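Structure record follows, encoded as structure tokens.
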Amino acid sequence: MGAIHDGLDRLGFKDVIKRQWQSGLVVSVIYPDDPNWDFTKIHDYCYERGFTIYPGKISTTNTFRLCALGAIDEQDIKDFFEVFEAGLKHYNVSIPAKYND
């Protein structure tokens, strides 16, 4: 879970739930406030490169989920964030560092 939070922090994303309350396997993340963000495009970009992000399950907030279920290690998570960041750049999505305050 630490590697997921490290990646989210580095890119400036905000968790839905306070970290001390999270289960440890799934992280719900708030969509960035950027008009270029498109969940489907980012999902497909990651999926085509071997990674999956999941749609959120919160009806009042636009979110997506990251999961560390199964045989996933820290390097797998770091590899995911390289692809995820490349997808954000590809679609010109910016997440200012102050967003995660």
**Message:** Projecting each Cα onto the charge dipole of region 2-94 (Lys/Arg +1, Asp/Glu -1 at the beta carbon, about the Cα centre), which of Tyr31, Cys46, Val16 comes out farthest on the positive side?
**Reply:** Val16
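Could you list the chymotrypsin sites (Phe, Trp or Tyr not before Pro) in region 1-100 that lie in coil according to DSSP, counting only those with at most 14 other Cβ atoms within 10 Å of their Cβ? Present the calculation step by step, with values, prior to reporting the outcome.
Numbers: sites: Phe13, Trp21, Trp37, Phe39, Tyr45, Tyr47, Phe51, Phe64, Phe80, Phe81, Phe84, Tyr91, Tyr99; in loops: Phe13, Trp37, Phe51, Tyr91.
Sites meeting the loop and neighbour criteria: Tyr91.
Within 10 Å of each candidate Cβ there may be at most 12 other Cβ atoms; applying that plus a DSSP loop requirement, which GluC sites (Glu not before Pro) in the chain survive?
Values: sites: Glu48, Glu74, Glu82, Glu85; in loops: Glu48.
Loop-located and lightly packed - Glu48.
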**Prompt:** In what order do Leu88, Leu25, Leu66 fall by count of nearby beta-carbon atoms within 10 Å, going from fewest to most?
**Reply:** Leu25, Leu88, Leu66
**Message:** Please list, by residue number, everything in region 1-24 whose backbone N is under 17 Å from a paramagnetic label point 7 Å out along Cα→Cβ of Asp73.
**Reply:** 1-4
**Asked** Cα-Cα pairs above 14 Å in region 5-64: how many percent?
**Response** 61 percent
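Please compute the contact order of region 1-54 in relative form: average sequence separation of alpha-carbon pairs under 8 Å and at least six residues apart, divided by the residue count, as a percent.
Values: 25 pairs, mean separation 13.0, N = 54.
That works out to 24 percent.
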**Request:** With a cut-off of at most 12 other beta carbons within 10 Å, and DSSP calling the residue loop, which trypsin sites (Lys or Arg not before Pro) in region 1-62 qualify? Please list them.
**Result:** Lys18, Lys57
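Taking 0.36 nm per residue of sequence separation and subtracting the Cα-Cα distance, how much length would be gained by fully extending the chain between Asn92 and Ser59, in nm to one decimal?
Details: separation 33, 0.36 × 33 = 11.88 nm, distance 2.64 nm.
Computed gain between Asn92 and Ser59 is 9.2 nm.
To two decimal places, what compactness ratio does the chain give when its Cα radius of gyration is scaled by 2.2 N^0.38 Å?
Values: Rg = 12.6 Å, N = 101, 2.2 N^0.38 = 12.7 Å.
Computed over Cα atoms of the chain, the ratio equals 0.99.
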**Message:** List the aspartates and glutamates whose Cα sits under 20 Å from the Cα of Lys78, skipping any in the same chain fewer than 8 residues away.
**Reply:** Asp6, Asp9, Asp15, Asp44, Glu48
**Item:** Debye, to nearest 20: dipole size of region 2-94, +1 on Lys, Arg Cβ, -1 on Asp, Glu Cβ
**Value:** 320 debye
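Can you put Ile53, Ile17 in order of Cβ neighbours within 10 angstrom, beginning with the fewest? Intermediate results must be reported in sequence, preceding the final value.
Details: Ile53 20, Ile17 13.
Ascending number of Cβ neighbours within 10 Å: Ile17, Ile53.
Here, each number is a calculation from the coordinates, and none is a lab measurement. Note that the structure is a prediction, hence the values are computed from the model and not measured. So basically every Cβ, Gly included, is an ideal-geometry build from the backbone, and we count neighbours across all protein chains shown.
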